[in-house]
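Bear in mind that the values in this text are calculations on the coordinates, not laboratory data. Keep in mind the model is a prediction, meaning the values are calculated, not measured. Counting neighbours? That spans all protein chains shown, and the Cβs are built from the backbone with ideal geometry, glycine included.
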Amino acid sequence: MEKIGVLTSGGDAPGMNAAIRAVVRKAIYHGVDVYGIKNGYQGLIDGNMEKMEIGSVGDIIQRGGTILRSARCDEFKTDEGQEKGIAQLKKFGIDGLIVIGGDGSFRGAQKLTEKGYPCVGVPGTIDNDISGTDFTIGFDTALNTIIEAIDKIRDTATSHERTYVIEVMGRDAGDLALWAGLADGAESILIPEKSDDFSEVIDRLTRGHERGKKHSIIVLAEGVGSGFSYGQRIQEATNLETRVTVLGHIQRGGSPTAQDRVLASRLGAQAVDILLSEKAGRMVGIENNMLVDHDIQEVLSSKHHINFDMYKLSKELSI
Ligand code: ADP
């Protein structure tokens with residue numbers, strides 16, 4: 001391979017820039033040209049791409065978002081869209097593509113690989129909802145943002161003796177809620193992977209209140225449902241003043257943590273090595289702190305598992 005491309009697609013995640021930097025620098029290190037494709041698969045269809053140099057990725061390792069920008073592109077889900085993308089890649093003489101994104105983006109990469117065009121995926125999403133890797137790029141930063149926010153809310157919760165329901169992101173995965181809840185000593189953590197008994201949540205709240213507890217924090221994953229309706233149910237059941245905060249998009253931005261920068265650098269560089277070794281249709285990941293790669297199709301057809309030991313521990317620590 002003499003020329004490769006890189007794009008970011010789907011929801012942005014902090015650390016994507018560090019991954020782009022690693023891809024560009026590792027490719028140049030190997031003497032391979034690298035093209036940056038703007039706006040995800042939309043830019044691929046439009047031929048919106050340009051050659052990147054060592055300096056193109058200077059001063060970005062610490063920035064959130066993605067300098068290549070991201071987009072959602074329905075046309076790419078069609079055969080014609082994918083053919084248009086491949087035609088553009090061929091026109092620019094690009095031999096292989098690295099896709100940084102979540103599972104939707106990997107479906108696109110898988111389709112290109114099936115059509116004979118080699119792709120490698122790099123897991124970039126705050127949700128940590130991809131199988132074949134212990135962590136995705138952006139998860140650690142989002143988690144730290146959530147913790148910082150909950151710590152602040154806790155000050156008010158204590159001062160006013162309130163119950164707070166905090167809704168966090170994660171799509172269908174409960175990882176952000178579970179890790180944040182454990183890190184913040186939440187009374188209850190509600191995740192889509194486990195349907196918690198409502199009466200158990202109420203019992204725990206009531207027990208805490210009777211013990212003289214000044215506040216309670218409940219972390220709810222968005223995959224469980226609306227924080228507002230959950231808060232209302234709690235207020236009605238306990239008569240305790242209950243407030244709801246939906247953290248929203250602050251969870252997606254910000255400067256990546258050291259963990260995410262290092263993870264993104266390792267995964268981005270590994271993706272280049274995998275692509276240059278002529279392995280196609282792979283996703284790079286990290287398992288037990290070791291770099292791994294898996295077949296994208298297998299990644300897409302298996303489910304990411306939450307750590308139930310951690311969930312059990314969170315209950316034991318919030319008796
Ligand atoms: P994420 O990668 O974060 O999961 P999306 O699910 O929105 O984000 O997917 C990002 C993009 O990937 C979509 O806008 C589309 O261009 C492409 N994509 C998603 N699903 C498919 C598919 N089945 N076939 C081809 N491309 C797809």
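Results, tabulated for the structure shown:
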read-out	value
The stretch 62-101 shape via C-alpha gyration tensor axes, a/c threshold 1.5	oblate
Where Cα atoms sit under 28 Å apart: lysine pairs in the stretch 166-313 separated by 8 or more or lying on different chains	8
Using alpha-carbon coordinates, inclination of helix 79-91 to the longest axis of the chain, degrees	50 degrees
Between helix 258-276 and the chain: long-axis angle, C-alpha atoms, 0 to 90°, nearest 10	30 degrees
Selected from Gly248, Gly268, Gly185 as most flexible by GNM, with the chain as the system and alpha-carbon contacts under 10 Å	Gly248
DSSP-defined antiparallel bridges as percent of all bridges, the chain, nearest 5	25 percent
Where the Cα pairs of the chain fall when distances are cut into 20 Å bins, in %	33, 47, 18, 1
Isotropically averaged projected area of the stretch 122-210, using the convex hull of Cα atoms (one quarter of hull area), nm²	6.1 nm²
Over the chain: helical MRE at 222 nm, DSSP H runs n ≥ 4 each giving -39500 (n - 2.57), nearest 500	-13500 deg cm²/dmol
Acute angle (nearest 10 degrees) that the helix 308-317 long axis makes with the longest principal axis of the chain, alpha-carbon atoms	30 degrees
Longest site-free stretch - the chain; sites: GluC sites (Glu not before Pro), DSSP loop, at most 14 other Cβ within 10 Å	54-160
